[in-house]
1. Apply the Debye scattering formula to the stretch 169-278, with a single equal point scatterer on each alpha-carbon and no solvent, then give log10 I(q)/I(0) at q = 0.22 Å⁻¹.
2. Mind putting a number on the dipole of the chain about its Cα centre? Charges go on the C-beta only, +1 for Lys and Arg and -1 for Asp and Glu, and I need it in Debye to the nearest 20.
3. So what is the orientation-averaged projected area of the chain, using the convex hull of its C-alpha atoms, in nm²?
4. On a full-extension model of 0.36 nm per residue, what is the gain between Gln134 and His220, subtracting their alpha-carbon distance, rounded to one decimal in nm?
5. Choose one answer from Arg41, Arg126, Arg153: the residue with the largest mean-square fluctuation in a GNM of the chain with alpha-carbon springs under 10 Å.
6. If each residue's Cβ is checked for other Cβ atoms within 10 Å, how do Glu260, Glu108, Glu332, Glu379 rank with the fewest at the top?
7. Share of antiparallel DSSP beta bridges in the stretch 155-288, in percent to the nearest 5?
8. Taking 30 Å as R0, compute the FRET efficiency from the Cβ-Cβ separation of Asp311 and Val26 and round it to 0.05.
Amino acid sequence: MAARKRLGIGIIGSGFMTRFHIQSFVAVRDADILGIWSPTREHAESAARLAVDLGVGGFGAQRCRAFESLAQMVSAPQIDAIWIVGPNYMRVAHAQEIFARLAEGKAELKGVACEKPLARNVAEARQMLDLAQQSGIPHAYMENQLFAPSVVRGREILWRRGAAISGRPYLARTAEEHSGPHNPWFWDGARQGGGVLNDMLCHCVESGRWLLTDPQKPRHSVTLKHVSAQIAALKWTRPEYAKRLKSRMHGIDYAKTPAEDFARGVLTFQDEAGNELILEASTSWSYVGTGLRLTFEVLGPEYSMSVNSLDSDLKVYFSREVKGTAGEDIVEKQNAEQGLNPVVPTESAYYGYEGENRYVVGKFLAGEMPAETWAEGFEVVQELMACYMAAEQKRTVPFPPDGLDAFVPAVAKGEWAPGQ
Ligand SMILES: NC(=O)c1ccc[n+]([C@@H]2O[C@H](COP(=O)([O-])OP(=O)(O)OC[C@H]3O[C@@H](n4cnc5c(N)ncnc54)[C@H](O)[C@@H]3O)[C@@H](O)[C@H]2O)c1
């Protein structure tokens, strides 16, 4: 019997998200993480060790290791696919290096996957998409929420029963909120591409659109017509919080160069029958609850569904006598170690990383294009930039608005003045 094909994966970056991906691979067959590259060698080595320790990093002479350079990793014979999980400001440079090696015949890859967001603005996203399309190999845009089991199952039941019998859903509400990101570059409008809108509304717009799209029909069976949006600095520009942020996040000064910590967008779609569909997407870095909170709601004529990631069946309680160190061992972006805390027992499954990686590995091994490619990632960037434009201009903009291709948010240019 022929051996099953396996996918050897190399990951760019060894930070927070890479570690989540590595954990998720315990639930993925037919793939091994065999390489990590990031600029700080000890970090790359530590991530490679994690992969080996969890049994997802191969074994023997082929086991996962830290590479000296991205070029070496891309060209290594054991590496069949690259997962781009570096910071947003390096996206285009990383993609250029990967696809240049391929074009020169110095690498053979079955696919390239890219974390959200595809890029910081439409011009950069266009560069990414052109590179991927010219290469001719499969490319995946990684939107984990489309694989979150509660969202997947809710959508399946709702469309099969409620929509089939009483009519399609007309309203989706999606939100992602927590108390702020873990590294300085996320807070820096220029390096990240914006504030919380760019960082997290990407999840909300794509999951909301997906919930409103008939699973039997293509993505473009719903068309985005217009967008209104608002961004605000609710918490982190207050003097005491700006000071706290400055002391915790090197180089970040929200008294001088703030980014938004709250954003919401209302996206109006139309389906093929001319029905109006509304998506209310909301996000913030100014939510202090037990930890990361994801919510999804869908409303239709005779039904509704709702998901709240903090409505977990498992809760732990610690009295005031339990004074442990601060951590994220109970739930992502945890804010407290005492009192009643919900626990998401298998976060990498719950948030969708396991399902996402299982699906993308299968597609790359089959030589097929996944459902979400860099073209879908490109559209998400267009939607986010339209939200920034609508917020800056304080009006509802048609989609796509004029000037979108060259648009860079004021936040990303360091020119945003909150409250004006
Ligand atoms: N899907 C999700 O839910 C989710 C969650 C968090 C982050 N992300 C995305 O994943 C990506 C990585 O985020 P993270 O949380 O791991 O960030 P992080 O800051 O924790 O890690 C970034 C990694 O990139 C490396 N790096 C830094 N500078 C680099 C450079 N010049 N070239 C190459 N690598 C460099 C760092 O060493 C680090 O290992 C981001 O694009 C982010 O938007 C997605």
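No lab work stands behind these numbers, since they all come straight from the coordinates. Model, not experiment: these values are computed from the prediction. Note: ideal-geometry Cβ built from the backbone for every residue, glycine included; neighbour counts use all protein chains shown.
1. Log-scaled intensity ratios, in q order: -1.09.
2. 420 debye
3. Average of the hull's projected areas for the chain equals 22.4 nm².
4. Answer, rounded to one decimal: 28.7 nm.
5. Comparing Arg41, Arg126, Arg153 in the GNM, the peak value goes to Arg153.
6. Ascending number of Cβ neighbours within 10 Å: Glu108, Glu332, Glu379, Glu260.
7. Of all bridge pairs located within the stretch 155-288, approximately 75 percent are antiparallel.
8. After rounding, the FRET efficiency stands at 0.75.
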